[in-house]
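**Student:** Right, I'll just put the structure down here and ask away after.
The values are calculated or read from the model by the stated rules, or taken from the named source; none is laboratory data. This structure is a prediction, so every number in the text was calculated from the model and none was measured. Cβ placement follows ideal geometry from the backbone for every residue including glycine, while neighbour counts extend to all protein chains displayed. The area values use the complete protein model at the heavy-atom level, side chains included, leaving out ligands, DNA and RNA. Shrake-Rupley method; radii C 1.70, N 1.55, O 1.52, S 1.80 Å.
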Amino acid sequence: MAKIIVTGGTGYIGSHTATELINSGYEVIIVDNLSNSNINVLDGIKKITGIKPVFFKTNLADASETKGFFNHVADADALIHFAAYKAVGESVKHPLKYYRNNLNSLLNVLENMFEKGIKNLIFSSSCTVYGQAENLPVTELSPILKADSPYGNTKQISEEIIRDSIKASTQIKAISLRYFNPIGAHESAEIGELPTGEPNNLVPYITQTAAGIREQLKIFGNDYNTPDGTAIRDYIHVTDLAKAHTAALQRLLNLENKSNYEIFNIGTGEGNSVAEVVRTFEKVTGIKLNTKVVGRRPGDIEKIWADVSLAEKELKWKAEKSLGEALLSAWIREKKYRGI
Ligand code: WQD
C-alpha cells in the first residue's frame, strides 16, 4: 500500500483529500501545525473511512521541526503539500505572515524530500497565480500576471521554487494543481470548512449568515464589469477537488507523467457571480439571506474561471457536482456542526 504524506491534512482541502486517498486504498500520514484547523478532523475522517490517519503536529515553517518529522516518514511514496495560509483578503493585511509561512514551509518540505529520496510531489497551487487574466477561461498557458495579493504571489513563487528545484535534480517529479474556488463539504457532513473566527471566504460566510451566527453577508462590490456587477469565480465542490488529487497521484505513481513538472487547472469550467451564488444558496436551501452591497475588497480580481480540458484529458478527471449541490452540502455541514 503506497504511503502518502499530506501536509496541512487537517485543513479543509487536506482533510477531504486524505479521506479520498484512504478510500482509494492509500496509507495516509497527516502533518499539520493546527494553526488553522482542529485535530477533531481526524475523528471525522475515521467516521467516514473507518481509519484514523497517523498524525504529527509539526510547524513545517520551522526547519528543525520539519527535519524531525521527516525522520519518521522517510519511506513515503509521495507528498501532497497543502500546508499554507490561504485567505486572499487576509494576505493583503498581513503579507509577511504569508510570505514567511507559505514559502518557508515549502522550502523545508522540498529540502527534506530530496534528502530522504521521496520522489513524488503534488502541490496545492491556485488560480490566483493568473491575477486578472485578459482572456477567459484561463488555460495552464495563460500568462502569469502580477499577483493581486501576497497570497497569490506566494503561490507564484512556490511554483517557481518547485520548477527550479526539479530542473536542478530530476530526483523529484511534481504536479501543481491550480485550484479555483473550493466550496462545500463531504456528503457525510462529518468534515468541512473550519468554522472558527470570522470567515474570509464567501461560502462559509453565507452558511454562517444563514445559521444566524453572522448578522449579514456583505457583498464586496457590484460595480464590476460583469452581467450583474458582482465578481465572478469558478466554484468547485471540495470532493471533486479531492478526487483530482488522487488522479494526479496515480499519474505520478504509475509513471504516466509526460514531464517531471506538470500543471493542471482544477475547476468546473463555469463562472458564477457572487449574486448567483447567493441566489442559488437561497434556492437550494429555501433560506432568504440578509445581504448588503458594500465596497470592493482590496486584492480581489473581477472575474476568473477555468479551461479544464487538460485535466480532463490527461488526468481523466472532471468535476461532477453542481454549484447547488456544493452549496447545499456546505449548509448541511454547517447545520450538523452547529447542532441545528
Ligand atoms: C469569492 C468572491 C469576494 C466574502 C479563494 C481562496 C483562495 C483561492 C482562490 C485556492 C469574491 C466575494 C467574499 C464575503 C463577498 N483558492 N465575497 N463577501 O478571494 O476568490 O479566493 O479562491 O487557492 O485560497 O481564498 O475567494 O470566497 O474570499 O471570495 O462578497 O464575505 O466572494 O469579493 O468576489 P477568493 P472568496
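**Student:** Would you confirm, using the coordinates I've provided, whether Thr280 is at pLDDT 95 or above, of a type in the set (Val, Ile, Thr), touching an Asp or Glu at 6+ places or on another chain (Cβ under 9 Å) and open to solvent by 20 Å² or more (accessible area, probe 1.4 Å)?
**Tutor:** In short, no.
**Student:** Given the conditions (1) within 16 Å of the ligand (Cβ to nearest atom); (2) touching a residue at least 60 places away in the same chain (Cβ under 8 Å); (3) open to solvent by less than 30 Å² (accessible area, probe 1.4 Å), report the number of the one that Tyr85 does not fulfil.
**Tutor:** (3)
**Student:** Among the residues of segment 110-126, is there at least one that is away from the ligand (no atom under 16 Å from the Cβ), in contact with a His (Cβ under 7 Å, 6 or more places away or on another chain) and not acidic (Asp, Glu)?
**Tutor:** Yes, because at least one residue in segment 110-126 is away from the ligand (no atom under 16 Å from the Cβ), in contact with a His (Cβ under 7 Å, 6 or more places away or on another chain) and not acidic (Asp, Glu).
**Student:** Looking at segment 154-162, is at least one residue within 16 Å of the ligand (Cβ to nearest atom), on the phi > 0 side of the Ramachandran plot, under 16 Å from the mean Cα position of the chain (by Cα) and in contact (Cβ under 8 Å) with a residue 40 or more places away in the chain?
**Tutor:** no
**Student:** Taking Val274 as the residue in question, decide whether it is more than 16 Å from the ligand (Cβ to nearest atom) and touching an Asp or Glu at 6+ places or on another chain (Cβ under 9 Å).
**Tutor:** Considered against the rule, which asks whether it is more than 16 Å from the ligand (Cβ to nearest atom) and touching an Asp or Glu at 6+ places or on another chain (Cβ under 9 Å), Val274 comes out as no.
**Student:** Next question, about the same structure. Any residue at all in segment 182-190 that is in contact with a His (Cβ under 9 Å, 6 or more places away or on another chain), within 25 Å of Thr268 (Cα to Cα), modelled with pLDDT of 95 or more and β-branched (Val, Ile, Thr)?
**Tutor:** Yes, the conditions are met somewhere in segment 182-190.
Let's see how each residue does on (1) of a type in the set (Lys, Arg); (2) within 12 Å of the ligand (Cβ to nearest atom); (3) in a loop (DSSP other than H, G, I, E, B):
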residue	(1), (2), (3)
Thr170	no, no, yes
Leu177	no, yes, no
Pro199	no, yes, yes
Lys218	yes, yes, no
Ile236	no, yes, no
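**Student:** Pick out the one residue from Val54, Val6, Val31 that is β-branched (Val, Ile, Thr) and open to solvent by 20 Å² or more (accessible area, probe 1.4 Å).
**Tutor:** Val54
**Student:** Here is a follow-up. Since Ser142 meets every condition but one in (1) within 14 Å of the ligand (Cβ to nearest atom); (2) modelled with pLDDT of 95 or more, which condition does it not meet?
**Tutor:** (1)
**Student:** For residues that are within 24 Å of the chain's Cα centre (by Cα) and more than 26 Å from Asn265 (Cα to Cα), scanning just segment 215-237, find the one that is most open to solvent (accessible area, probe 1.4 Å).
**Tutor:** Per the stated criteria, the residue is Lys218.
**Student:** Here's another thing I want to ask about it. Among the residues of segment 249-264, how many are in contact with a helix residue (DSSP H, G or I) (Cβ under 6 Å, 6 or more places away or on another chain) and within 16 Å of the ligand (Cβ to nearest atom)?
**Tutor:** 1
**Student:** Separate question: Where residues in segment 88-109 are among the aliphatic types (A, V, I, L, M) and touching a helix residue (DSSP H, G or I) at 6+ places or on another chain (Cβ under 8 Å), which of them is farthest from the ligand (Cβ to nearest atom)?
**Tutor:** Leu107
**Student:** Sticking with this structure for a sec: Which strands (runs of 3 or more DSSP E) does segment 13-129 wholly contain that include 1 or more residues that are within 30 Å of Ser188 (Cα to Cα) and touching an Asp or Glu at 6+ places or on another chain (Cβ under 8 Å)?
**Tutor:** Answer list for segment 13-129: 54-57, 120-126.
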